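Here's the structure we're looking at; comments come further down.
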Amino acid sequence: MDDWILKRAGEDRMRVGSLAGVVCIVLNIVLCIAKAAIGLASGSVSIVADALNNLSDASSNIVSVLGFKLASKPADPEHPYGHGRYEYLSGLAVAVLVLLIGIELVKSSVEKLLSPEPVDFSIALVVVLLLSIAVKLWMARFNRALGERIDSETLIATAQDSKNDVIATAAVLVSAIVAQMTGIELDGVAGLAVGLYIGWSGIQLIKDTVDPLLGSAPDPHLVEHIRSKIMGYPGVLGTHDLMVHDYGPGRQFASAHVEMAAEADPITSHDTLDNIEQAFKVEDGMIVTLHYDPIVTKDPAVVDMRNRIDALAKQIDPRVSIHDLRTVPGPTHTNVIFDCLRPEECVLSARELKARLAAAVQEEYPKAVAKITVDEDYVSAEQ
């Protein structure tokens, strides 16, 4: 089914998500009707709760479809980076619904424990629950496969919700069989355990969907890919100040500074940067903006100073690095101007790092005055 949807939708995100949502809406409504009928006939609160769970799943599928449609809207003057984050919002809505389902199931299960009632066992009950488990297992695999294919947090959250439903329904079935064979009523206990698990998974899903909305660190593999691609071009000596912005699935923007020899033809250097930007756009679907940083490579004194100050910085913290060093000689002293990259995990504050490095430069070069700009690392020092 997932291959059929991908083929029919042409791997268009909006169409894939919408078709997947429609399939899940239909299946959840059918399961809700079947379980509600069995639950009301047997007097099982856990089966009725499971039916309501399927109804809320259908509601969350509607939210997902709406999220995909809104996320596909083109950019406009008010939203120049597009509307891709609507998909994250729909994923958050699904996660919140999962949490609410868990809370409601815990409440109804506690009431069942306080006022237990026998559950009427029947073959129809077993058949409906077994079919529900089979359908939900298929839905979990279906949504996860599509979610991973188009990198959709919404579909992955839906897949996790289907897994929760499998556990919930299995617990209901086991409690019904145990009650029939032993006379021990576990309906309330099973509902409570399942409710707690669903609530916990809802909290985890909320965290996973909130992270990209708040601005989580980019994928280390993506960071490494960007850096490696830039460094692979002739004339590139280094890159720093990399920033990656996520405006929704498939809507990533990046910027970086690229060091190139100051002695080289600046027009040729800029042409190289234009080629790199175009390669990212065509090959990766990313908008990357690169800033040209010329560095002196043929003045031995400046090269030696740059290497020495970088070594001094690494004595303070091995993860610290410097870039964009230049000197401005004067009659009484020389201004040494450079940027220092402070890793996120550095125990020193930006002010403390700046003071210690300036003192180290002063001790190494008595006639030098360090003019330091401390940059923060927005893609993690470990990358």
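All of (1) more than 30 Å from GLY82 (Cα to Cα); (2) without any contact (Cβ under 8 Å) to a residue 60 or more places away in the chain; (3) not basic (Lys, Arg) hold for TYR365 with one exception: (2). Can you tell me how many residues in segment 81-132 are closer than 19 Å to ALA36 by Cβ and small (Gly, Ala, Ser)? Number of matching residues: 5.
Looking only at residues in segment 229-274 that are in a strand (DSSP E or B) and of a type in the set (D, E, K, R), which one is farthest from VAL303 (Cα to Cα)?
Taking the candidates together, the pick is ASP246.
Of the set (1) part of a strand (DSSP E or B); (2) of a type outside the set (Asp, Glu); (3) under 20 Å from LEU242 (Cβ atoms), all apply to VAL369 but (3).
Could you tell me whether any residue of segment 41-59 is more than 20 Å from LYS136 (Cβ to Cβ) and surrounded by fewer than 17 Cβ atoms within 10 Å (Cβ to Cβ)? Yes - at least one qualifying residue is present in segment 41-59. Considering (1) at pLDDT below 80; (2) surrounded by fewer than 20 Cβ atoms within 10 Å (Cβ to Cβ); (3) part of a helix (DSSP H, G or I), the lone condition that ALA37 does not fulfil carries the number (1).
With respect to ASN275, is the statement that it is surrounded by fewer than 14 Cβ atoms within 10 Å (Cβ to Cβ), in contact (Cβ under 8 Å) with a residue 24 or more places away in the chain and in contact with a Lys or Arg (Cβ under 6 Å, 6 or more places away or on another chain) true? It is false that ASN275 is surrounded by fewer than 14 Cβ atoms within 10 Å (Cβ to Cβ), in contact (Cβ under 8 Å) with a residue 24 or more places away in the chain and in contact with a Lys or Arg (Cβ under 6 Å, 6 or more places away or on another chain).
Here SER59, SER90 are screened, and the one residue that is over 20 Å from the mean Cα position of the chain (by Cα), in a helix (DSSP H, G or I), among the hydroxyl-bearing types (Ser, Thr, Tyr) and in the same structural domain as MET139 (by TED's automatic domain parsing) is SER59. Of the residues that sit in segment 219-233 and are touching a residue at least 40 places away in the same chain (Cβ under 8 Å) and surrounded by fewer than 14 Cβ atoms within 10 Å (Cβ to Cβ), which one is farthest from ASP151 (Cα to Cα)? Looking at the filtered set, the residue picked out is GLU224.
Out of curiosity, is ARG342 crowded, with 19+ Cβ neighbours inside 10 Å, outside the structural domain of GLN252 (by TED's automatic domain parsing) and either charged (D, E, K, R) or free of Cβ contacts under 8 Å to residues at least 12 places away in the same chain (or both)?
So ARG342 passes the test.
The C-beta contact set for segment 314-337 (first residue assigned by TED's automatic domain parsing to the domain that holds VAL361 and closer than 21 Å to GLU259 by Cα, second residue among the acidic types (Asp, Glu) and assigned to a strand (DSSP E or B), distance under 6 angstrom, 6+ apart or interchain) comprises HIS323/ASP339; ASP324/ASP293; ASP324/ASP339. Of all residues in segment 279-293, those satisfying the criterion of being surrounded by 16 or more Cβ atoms within 10 Å (Cβ to Cβ) and under 20 Å from GLU263 (Cβ atoms) are LEU290, ASP293. The residues on offer are ALA145, ALA140, ALA179, and the sole one that is at pLDDT 85 or above, farther than 21 Å from LEU97 by Cα and small (Gly, Ala, Ser) is ALA145. In this structure, VAL288 qualifies as of a type outside the set (S, T, N, Q), assigned by TED's automatic domain parsing to the domain that holds THR239 and not in a helix (DSSP H, G or I). Residues of segment 305-355 that are assigned to a loop (DSSP other than H, G, I, E, B) and closer than 16 Å to PRO366 by Cα: GLY330, PRO331, THR332, HIS333. Yes or no: PRO218 more than 19 Å from ASP50 (Cβ to Cβ), touching a strand residue (DSSP E or B) at 6+ places or on another chain (Cβ under 9 Å) and not polar (S, T, N, Q)? For PRO218, the condition - more than 19 Å from ASP50 (Cβ to Cβ), touching a strand residue (DSSP E or B) at 6+ places or on another chain (Cβ under 9 Å) and not polar (S, T, N, Q) - is met.
Exactly one residue among VAL282, VAL302 is within 23 Å of GLU224 (Cα to Cα), in a helix (DSSP H, G or I) and not charged (D, E, K, R), and that residue is VAL282. On inspection, LYS69 qualifies as surrounded by fewer than 19 Cβ atoms within 10 Å (Cβ to Cβ), farther than 30 Å from ASP187 by Cβ and in contact (Cβ under 8 Å) with a residue 24 or more places away in the chain. Residues in segment 35-49 that are in contact with a Leu (Cβ under 9 Å, 6 or more places away or on another chain) and over 14 Å from LEU173 (Cβ atoms): ALA36, ALA41, VAL48.
The values are calculated or read from the model by the stated rules, or taken from the named source; none is laboratory data. All values derive from a computational prediction rather than experimental measurement. Glycine gets a Cβ as well: all are built from the backbone with ideal geometry, and neighbour counts include every protein chain shown.
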